[in-house]
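The values are calculated or read from the model by the stated rules, or taken from the named source; none is laboratory data. What you see is a predicted model; the values in this text were computed from it and never measured. Quick reminder, even Gly has a Cβ in these numbers, built from the backbone with ideal geometry, and neighbours come from all protein chains shown.
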Amino acid sequence: MKTGMNSLSEMGRRNFLGNVTTGLMGVGLQQLLSGHVQAGSIGNPHFPAKAKRVLQIFCPGAASHMDLWEHKPMLEKMHGKPLPGEENMVSFQGKNGPLMRSPWPFQPAGESGKMISSMLPHMSRHVDDIAFFHGMHSKTNTHGPGCVFVNTGHATEGFPSAGAWISYGLGSMTDNLPTYVAIPDVRGEPPNGKANWSNGFLPAKYQAIVMAAHKPIRNLQRPPQISEKEEAVTGNLLSFLNHHHAAQRASESELQARISSYELAARMQLSAPEVSDFSSEPAHIHQLYGTDSANSLKSGYARNCILARRLLERGVRYVNLYCASRASGVDGLLNWDAHKTLKADYERHCPVFDQPTAALLTDLKQRGLLEDTLVLWTTEFGRMPTNQQGTAGRDHNPDGFTLWMMGAGVKGGTSYGETDEFGRRAEQNPTTIWEFYSTVLHLLGLDYKQLSWYHNGLDRRLTDVHGHVIRQVLA
């Protein structure tokens, strides 16, 4: 018995050492052969794509369409009068008062002459590249479910975000940075927090990694007592042991994701500090974005905009960039939820959003990145054309609002759909988030009907059982 145990022990050591060598060679070969496609994802588009990557800018709080993007002359004409047919309308927070015009004039912009709020002078320079969706409507009028609905196509938590679906469908373009990054605002996370960039029921590796200019990733530096060579050898051995362990538990996606995240973290020891280091950015770029602003909210968001560009140009597939955050005890303080004092609220939010966002679009265009980058601007729903009774603000309106897209494959200078003459309801070409994402997936070369995952007895999709591609906005 004793001899047999020594023999088995010896064979174990020999096999282990042999398998380490073979295993490491296999890991390296697998990396070379697999290129940039993540294991388990579809990895290839269904048809030739116009876009390779996505930047989604999200303004939580339900940014008002009729005060930013969709001009309504009838609001100016009938300011102070009841909304015809809905004189006693009760909405999310109670009874509504009369119609209320926008506090700021709209001005024509670009060659298209698109009317846009004078509160957005920098963004107005990009209207000829934007396709506006003015006939959006939602199935919820509550911020948390509304944000999740616009990000995932479902009003309840537990479903994959658009970024997770696209990460699954197309895989990674870089080995050293995450496929999908969420950049929360300096003011905090949006309503319902991490559910907005969750993997849902997809394997855990498809959830977003959270990064921000104001929130550096911790624990990336190698301890000084460990040499670079020692770290590399240890990492190789750990990789073999992890993958051998995971191969025996192939159904445990969280284990696979944990291993992948640790390996990515090791690679990010070099890549993450570099992508977050803005010292190489010239002074004119900082001036363009407004990082030198005395307004700390604006300068903080501007730095996040630069981070978004640096991530995109280094191969990150999907970037969620947030401008504003969660609801607060004071409506409209931390996000675009202007229930009581719309003028003061938006005179605080618009300067934070306008210059840095416009600078990001300009920068992407100058670098040629808009040729294969799709940019989305989103919010969870709109606002009422009336004032909330007894206030100078607007209540929630899920029945009509605006989203837009620009960049790769998008026909700029166009508007699809519109709300009625007051901005109350989507009237012409009403559009849901499912059609919006059907179009997004199409531009990425993905068929929204084929991008699915079997879960709980159903083939689930980003667009649920709905959707169609809106070809009127395609170049």
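Okay, residues lined up against (1) part of a helix (DSSP H, G or I); (2) farther than 19 Å from Ser167 by Cβ; (3) in contact (Cβ under 8 Å) with a residue 24 or more places away in the chain; (4) assigned by TED's automatic domain parsing to the domain that holds Tyr206:
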site	(1), (2), (3), (4)
Trp377	no, yes, yes, yes
Arg394	no, yes, yes, yes
Leu446	no, no, yes, yes
Asp459	no, no, no, yes
Leu462	no, no, yes, yes
His466	no, yes, yes, yes
Val469	no, yes, yes, yes
State which residue is nearest to the chain's Cα centre (by Cα) when the search covers only segment 78-116 and only residues that are touching a residue at least 60 places away in the same chain (Cβ under 8 Å) and assigned to a strand (DSSP E or B).
Lys114
Any pair with Cβ under 7 angstrom, 6 or more apart, that starts in segment 414-429 at a residue that is without any contact (Cβ under 8 Å) to a residue 60 or more places away in the chain and closer than 23 Å to His79 by Cα and ends at one that is assigned to a strand (DSSP E or B) and not aliphatic (A, V, I, L, M):
Asp420/Glu427
Tell me the residue from Lys205, Lys139, Lys229, Lys194 that is among the basic types (Lys, Arg) and in contact with a strand residue (DSSP E or B) (Cβ under 9 Å, 6 or more places away or on another chain), please.
Lys194
Given (1) of a type outside the set (S, T, N, Q); (2) surrounded by fewer than 18 Cβ atoms within 10 Å (Cβ to Cβ); (3) at pLDDT below 90; (4) closer than 20 Å to Asn176 by Cα, number of the condition Glu313 does not satisfy:
(3)
Any residue in segment 318-334 that is charged (D, E, K, R), outside any helix (DSSP H, G or I) and modelled with pLDDT of 95 or more?
no
Taking the residues in segment 153-176 that are within 22 Å of Leu312 (Cβ to Cβ) and hydroxyl-bearing (Ser, Thr, Tyr) as candidates, determine which candidate is surrounded by the most Cβ atoms within 10 Å (Cβ to Cβ).
Ser161
Failed condition for Leu441, given (1) out of contact with any Lys or Arg (no Cβ under 9 Å at 6 or more places or on another chain); (2) surrounded by 23 or more Cβ atoms within 10 Å (Cβ to Cβ); (3) part of a loop (DSSP other than H, G, I, E, B), with all others met?
(3)
Among the residues of segment 163-175, is any within 30 Å of Asp67 (Cβ to Cβ) and modelled with pLDDT of 95 or more?
yes
Out of Gly35, Gly43, Gly4, sole residue that is under 22 Å from the mean Cα position of the chain (by Cα) and either modelled with pLDDT under 90 or farther than 27 Å from Tyr416 by Cα (or both)
Gly43
Test: Ser64 is surrounded by 17 or more Cβ atoms within 10 Å (Cβ to Cβ), at negative phi, modelled with pLDDT under 95 and in contact with a strand residue (DSSP E or B) (Cβ under 9 Å, 6 or more places away or on another chain):
no
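Does Trp434 satisfy being crowded, with 21+ Cβ neighbours inside 10 Å, within 18 Å of the chain's Cα centre (by Cα) and aromatic (Phe, Trp, Tyr)?
Criteria not met by Trp434.
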Would a scan of segment 409-428 turn up a residue that is of a type outside the set (Lys, Arg), touching a Pro at 6+ places or on another chain (Cβ under 9 Å) and not in a loop (DSSP other than H, G, I, E, B)?
yes
State yes or no: is Glu231 farther than 22 Å from Arg310 by Cα, free of Cβ contacts under 8 Å to residues at least 24 places away in the same chain and either surrounded by 15 or more Cβ atoms within 10 Å (Cβ to Cβ) or acidic (Asp, Glu) (or both)?
yes
In segment 330-358, anything more than 16 Å from Ser118 (Cβ to Cβ) and of a type in the set (Gly, Ala, Ser) is listed as Gly332, Ala338, Ala344
Tell me which of these Met405 doesn't satisfy, since it passes every other one: (1) touching a residue at least 40 places away in the same chain (Cβ under 8 Å); (2) touching a Ser or Thr at 6+ places or on another chain (Cβ under 7 Å).
(2)
Restricting attention to segment 139-147, does a residue exist that is under 19 Å from the mean Cα position of the chain (by Cα) and either under 25 Å from Leu443 (Cβ atoms) or aromatic (Phe, Trp, Tyr) (or both)?
yes
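The rows are residues; the columns are (1) aromatic (Phe, Trp, Tyr); (2) crowded, with 22+ Cβ neighbours inside 10 Å; (3) farther than 25 Å from Thr140 by Cβ.
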site: His349; (1), (2), (3): no, yes, no
site: Asp354; (1), (2), (3): no, no, yes
site: Thr357; (1), (2), (3): no, yes, yes
site: Leu360; (1), (2), (3): no, yes, yes
site: Gly368; (1), (2), (3): no, no, yes
site: Asp372; (1), (2), (3): no, no, yes
site: Thr391; (1), (2), (3): no, no, no
site: Arg394; (1), (2), (3): no, yes, no
site: Phe401; (1), (2), (3): yes, yes, no
Only one residue in Pro108, Pro160, Pro191 is within 23 Å of Lys298 (Cβ to Cβ) and either of a type outside the set (S, T, N, Q) or in the same structural domain as Ile433 (by TED's automatic domain parsing) (or both), so which one is that?
Pro191
